[in-house]
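Every number here is computed from the coordinates shown, using simple stated rules; none is lab data. As the structure is a prediction and not an experimental result, all values here were calculated from the model. Neighbour counts run over all protein chains shown; Cβ positions are idealised from the backbone, glycine included.
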Amino acid sequence: MSTLAANGPDSWLWWDWVVRHGDEIWFRTKEHVFLTVVSVVVGTLLAVPAAILGSRTKLLATPLLLVGGVIYTIPSLALFALLIPWTGLSRTTPLIALTSYTLLILFRNTLTGLSSVPDDVRDAAHGMGYSWGRQLLRIELPLALPAIIAGIRIATVTTIGLVTVAALVAQGGYGQFILDGYQRSFRTPIVLGSALSILLAVVSDVVLVGLQRAMMPWTRVPST
């Protein structure tokens, strides 16, 4: 209990150290957010078109899911080690790895959302003279949007956790605090890095829920 209640180098969270490292916390936050946002955005830009193609050509859906599943099962440290000979200790290494881990989640959710569009809705759109592109943009994607955003939420929270590993290839983020604390047997950076990662995941999820409600006002349940 004395260790928990203390406010010094031996405590779980030394507040004076946290205050003195405010600039570094902000810098690591920007690194963590950058890696997360770029990975999820690039993953979405790759996975959504692939899912659209898979929903139209069923023979492609299974192989794409299989490839995404295989990549997803590769341990992050192993994937980083495989990439380093090609990309070195650069930001490209974690970005490729993190983006790869988002593909299965985003592809599967988008494919599920598109596959759930009723056939009679598609037939009605076709009967009204909608072209394939117009039907996709005006009918199918809006109906699949809840599943797509759910996938983005899962991918974002998962990526925020995985970004901590980027510190092992000298790319910072909150993982740098965890690594520093482990190397020095210093609890405060470990607790800080872990707590900030959890907080960022919660805040990001809340923001995405708000974005979903703004984009799909018809899904709001009216108050009684």
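With labels modelled as points extended 7 Å from the Cα through the Cβ direction, what inter-label distance (nm, one decimal) is found for residue 207 paired with residue 34?
Result: 1.6 nm between the two label points.
Among 51, 125, 61, determine the one that fluctuates most according to a GNM of the chain built with springs between C-alpha atoms less than 10 Å apart.
125
Counting only complete DSSP H runs, which helices of the chain cover 27 Å or more along their long axis at the Cα atoms and score a mean Kyte-Doolittle of -0.5 or above? Mind showing how you got there, number by number?
Numbers: long enough: 22-56 (51 Å, 0.87); 92-115 (34 Å, 0.96); 141-163 (31 Å, 1.86); 187-215 (42 Å, 1.48).
Taking the DSSP H segments of the chain (at least 27 Å long, mean hydropathy at least -0.5), we get 22-56, 92-115, 141-163, 187-215.
Give the distance, in whole Å, between the Cα centre of the range 169-191 and the Cα centre of the range 32-53.
Here the answer is 27 Å between Cα centres.
Please give me the summed charge of the neighbours of residue 98: other residues whose Cβ is under 14 Å from its Cβ, Lys and Arg +1, Asp and Glu -1.
Result for the local shell: 0.
Taking just the alpha carbons, could you work out the radius of gyration and Dmax for the chain, both in angstroms?
21.4, 74
Which value at 222 nm does the chain reach when only helices count, each DSSP H run of 4 or more adding -39,500 (n - 2.57), with the total divided by all residues and rounded to the nearest 500 deg cm²/dmol? List each step's numbers first, then the result.
Working: 11 runs with 172 residues, N = 224.
After summing the helix terms and dividing by residue count, I get -25500 deg cm²/dmol.
Test of understanding: in a Gaussian network model of the chain with alpha carbons linked when under 10 Å, which of 133, 113, 54 would top the mean-square fluctuation ranking?
With Cα springs under 10 Å in the chain, the top fluctuation among 133, 113, 54 is at 133.
How much length is gained on full extension from residue 81 to residue 62, taking 0.36 nm per residue of separation minus their Cα-Cα distance?
Values: separation 19, 0.36 × 19 = 6.84 nm, distance 2.80 nm.
Between residue 81 and residue 62, full extension yields 4.0 nm more.
Under a point spin-label approximation (7 Å from Cα along Cα-to-Cβ), what is the residue 46-residue 214 distance to one decimal in nm?
Rounded to a tenth, the inter-label distance reads 2.8 nm.
Provide 70, 157, 40 in ascending order of the number of other Cβ atoms located within 10 Å of each residue's Cβ, fewest first. Please report the intermediate quantities before stating the final value.
Details: 70 10, 157 19, 40 26.
Ranked by crowding around the Cβ, least crowded first: 70, 157, 40.
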